[in-house]
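What follows is a single structure, written as structure tokens, with notes after it.
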Amino acid sequence: MIHNQTMIDQRPAPSNTLGPVAWLRANLFSGPLNTLFTLAGLYVLYLLLVPTIQWAFINADWIGTTRDDCSREGACWVFVNARFTQFIYGLYPRSEIWRANIVFGGFFTLIAWLAIPRLPFKRWVAVFALIGFPIAAYVLLHGGYFDLPRVPTHRWGGLMLTLLLASVGMIGALPIGIVLALGRRSNMPIVKSFCVIFIEFWRGVPLITVLFMASVMLPLFLPSGISVDRLVRALIGLTLFQSAYMAEVIRGGLQAIPKGQEEAAAALGMTYWKRMGLIVLPQALKMMIPGIVNTFISLFKDTTLVMIIGLFDLLGIVQAALSDSNWLGFSLEGYVFAAFVFWIFCFSMSRYSQYLERKLNTGHKR
Amino acid sequence: MTQAATNLSGTGMSKSKSDLMVEMRGVNKWYGDFHVLRDIDFEVKRGERIVICGPSGSGKSTLIRCINHLEEHQQGDIVVGGVPLTQDVKRIEQIRRSVGMVFQHFNLFPHLTVLENCCIAPMWVQKKPRREAEEQAMRYLERVRIAEQAKKYPGQLSGGQQQRVAIARSLCMHPDVMLFDEPTSALDPEMIKEVLDVMVELAEEGMTMLCVTHEMGFAKTVADRVIFMDQGQIIEENAPEPFFNNPQSERTQLFLSQILGH
């Protein structure tokens, strides 16, 4: 039996299911109770937002040099303004700040280059970012070469130090984490137990303890005369600590890849490293982007703990500035500024990871 | 090497050693206490097409997976293309390069396109230049009639298409032997034929094939020998015609009546 000889033409959807009014009706005012909740929610939002905006923007003071330039009715951004250079560069000598600026410029250019899909030579830029740039940045920041005056690491600080700790930590923790994760799944008992002990040790110790040990205890064990820079010790501690977490994230990804993938690669004659590098890891890492970025974000925020061993990262330098007797009583502004800067970086990482996930999704079901 | 005692096919006169592609002598394997393979003796000559059948859990898949060392055997000798299979990783990889394998669940690499799936091993294992590997991959993809999908990802293809890509991927390594591990068992019925057609063509071209399958039609058309396994042993081995028409062992008769019964 034939029901319909002619094809039915497409018709537009009924108008009451489209547009902002329909959306509002469906989501916010679909019934008396929902309407009540919506209105109550809007009222709470009003109570919270209006004073915040008034404090942060409308009544705030922006321009000036001393605390007397602040009317004290709103936020006194004059404080952040006056201390801005310090917040960014720490105690880096004013005359040498151009060196830090070059490094900052290079850093953000490289990140933008790698993040924007249209730009060419990705592979070479990545190689330079991982090898050439760190060396150049060290030479520039530390000095002592090419007639550049030396700037010892204890004068580095502020956002510069935060970014340095975070990026070295991330770039170090990812490969170490991958190796540890592979080692933990290895059939070789010595490799396996080494990785298990390593991971469990670093995961079982608080980061504060690690940093304390790195700064207080390590010198006791080193032969006299040999001293490792405090910043280097903090970097090593932070990297190893985060690599243990990274290893567990990546191990989760490795376990999610079906055994058949490695078998198919093996059946084609690939060696262990090719099976891992070409087949298993690309899939595992892709699957674990949210977990990896989560670890990166927590690493970024954990860098603030270096404060306790006397390094002044962004939060540390803000706190130090708060105890300046000229600026007593502006801690809210200081902390809001620090929180805002941290939020910008963490939020960007989070958004970029979501973009990466969408981009790398090849829509496969197995 | 002695002539196989189990060769009942009557097809093979005693051939020289270099014609033996796969030899198994007294192969035993256990999973823990479970004895999966018991005293397996058999051999495959160059150009032979062999179908292995048997009830599930009889060790058929394990048997062919031992040939490229995806499973390890604990006793006995396996020689593939004249190379004895040992623990030596280099030797295992050498054998795997000459042995192609097609899996029940295709196991295509989902993060690579169809073309890349076919190029990755030639490029990274055989060190072929990309261009050459791609040209070769396109030739094999044309042979399995799927060249127009080369830029797609495996997840965008049907099961039958994926399995044909998997066959092409193996062929790109120019294997001497192809192992098929239930290649049609995971497919929807309407897709089985397109895969079997490719396999029949491959057999007609003279490829040495070992195929674990329940497709008895395929066995009748192309197999030189059919091997029946049960409980880890080779129970019966014969040319397809006598195997199907006049099975010797009781268990073979039972098995055949079950799968051909309706």
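The values are calculated or read from the model by the stated rules, or taken from the named source; none is laboratory data. Predicted model only: the values in this text are computed from it and were never measured. Reconstructed Cβ throughout: ideal geometry from the backbone, glycine too, with neighbour counts over all protein chains shown.
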Would you say residue A:190 is in a helix (DSSP H, G or I), modelled with pLDDT of 90 or more, more than 27 Å from residue A:233 (Cβ to Cβ) and not acidic (Asp, Glu)? yes
Identify all residues within the range B:94-128 that are surrounded by fewer than 23 Cβ atoms within 10 Å (Cβ to Cβ) and charged (D, E, K, R); write none if there are none. B:97, B:116, B:127, B:128
For the range A:233-250, check the following and say yes or no: at least one residue is at negative phi, surrounded by fewer than 16 Cβ atoms within 10 Å (Cβ to Cβ), more than 10 Å from every other protein chain (Cβ to nearest Cβ) and touching a residue at least 24 places away in the same chain (Cβ under 8 Å). no
If a residue must be of a type in the set (Val, Ile, Thr) and free of Cβ contacts under 8 Å to residues at least 60 places away in the same chain, how many such residues does the range A:315-366 contain? 2
Here's a check for you: in the range A:277-324, which residue that is crowded, with 20+ Cβ neighbours inside 10 Å and either of a type in the set (S, T, N, Q) or not assigned by TED's automatic domain parsing to the domain that holds residue A:354 (or both) is nearest to residue A:259 (Cα to Cα)? A:283
Would you say residue B:169 is closer than 27 Å to residue A:360 by Cβ and either surrounded by fewer than 22 Cβ atoms within 10 Å (Cβ to Cβ) or within 11 Å of chain A (Cβ to nearest Cβ) (or both)? yes
Which numbered condition in (1) more than 24 Å from the chain's Cα centre (by Cα); (2) touching a residue at least 40 places away in the same chain (Cβ under 8 Å) is the only one that residue A:147 fails? (2)
Do you know which of the residues in the range A:266-295 that are part of a loop (DSSP other than H, G, I, E, B) and on the phi < 0 side of the Ramachandran plot is farthest from the other protein chains (Cβ to nearest Cβ)? A:288
Selection from the range B:239-257 of residues that are touching a Pro at 6+ places or on another chain (Cβ under 8 Å) and not hydrophobic (A, V, I, L, M, F, W, C): B:253
Restricted to the range A:1-57, and to residues that are among the aromatic types (Phe, Trp, Tyr) and under 33 Å from the mean Cα position of the chain (by Cα), which residue is surrounded by the most Cβ atoms within 10 Å (Cβ to Cβ)? A:55
Could you tell me whether any residue of the range A:113-126 is in a helix (DSSP H, G or I), outside the structural domain of residue A:345 (by TED's automatic domain parsing) and farther than 26 Å from residue A:276 by Cα? yes
Looking only at the range B:68-88, which residues are out of contact with any helix residue (DSSP H, G or I) (no Cβ under 8 Å at 6 or more places or on another chain) and among the hydrophobic types (A, V, I, L, M, F, W, C)? B:79
Complete set of residues in the range B:197-229 that are among the aromatic types (Phe, Trp, Tyr) and either more than 14 Å from the chain's Cα centre (by Cα) or part of a strand (DSSP E or B) (or both): B:228
Residue B:92 out of contact with any strand residue (DSSP E or B) (no Cβ under 9 Å at 6 or more places or on another chain), aliphatic (A, V, I, L, M), within 19 Å of residue B:165 (Cβ to Cβ) and within 11 Å of chain A (Cβ to nearest Cβ): no
Which listed residue, of A:158, A:183, is surrounded by 14 or more Cβ atoms within 10 Å (Cβ to Cβ) and touching a Leu at 6+ places or on another chain (Cβ under 9 Å): A:158
Identify the single condition in (1) in contact with a strand residue (DSSP E or B) (Cβ under 6 Å, 6 or more places away or on another chain); (2) within 13 Å of chain A (Cβ to nearest Cβ); (3) surrounded by fewer than 22 Cβ atoms within 10 Å (Cβ to Cβ); (4) not hydroxyl-bearing (Ser, Thr, Tyr) that residue B:64 does not satisfy, given that it satisfies every other one. (3)
Is the range A:329-346 home to any residue that is away from chain B (no Cβ under 14 Å), at pLDDT below 80 and outside any helix (DSSP H, G or I)? yes
Hits in the range B:95-129 (condition: at the interface with another protein chain (Cβ under 8 Å from one of its Cβ atoms) and over 15 Å from the mean Cα position of the chain (by Cα)): B:108, B:109, B:110, B:111, B:120, B:121, B:124, B:125
Options A:198, A:212; residue that is free of Cβ contacts under 8 Å to residues at least 60 places away in the same chain, of a type in the set (Phe, Trp, Tyr), surrounded by 14 or more Cβ atoms within 10 Å (Cβ to Cβ) and outside any loop (DSSP other than H, G, I, E, B): A:198
Can you name the residue in the range A:347-364 that is within 14 Å of another protein chain (Cβ to nearest Cβ) and assigned to a helix (DSSP H, G or I) and is also surrounded by the most Cβ atoms within 10 Å (Cβ to Cβ) among such residues? A:356
State which residue is farthest from residue B:154 (Cα to Cα) when the search covers only the range B:69-89 and only residues that are touching a strand residue (DSSP E or B) at 6+ places or on another chain (Cβ under 9 Å) and among the charged types (D, E, K, R). B:77
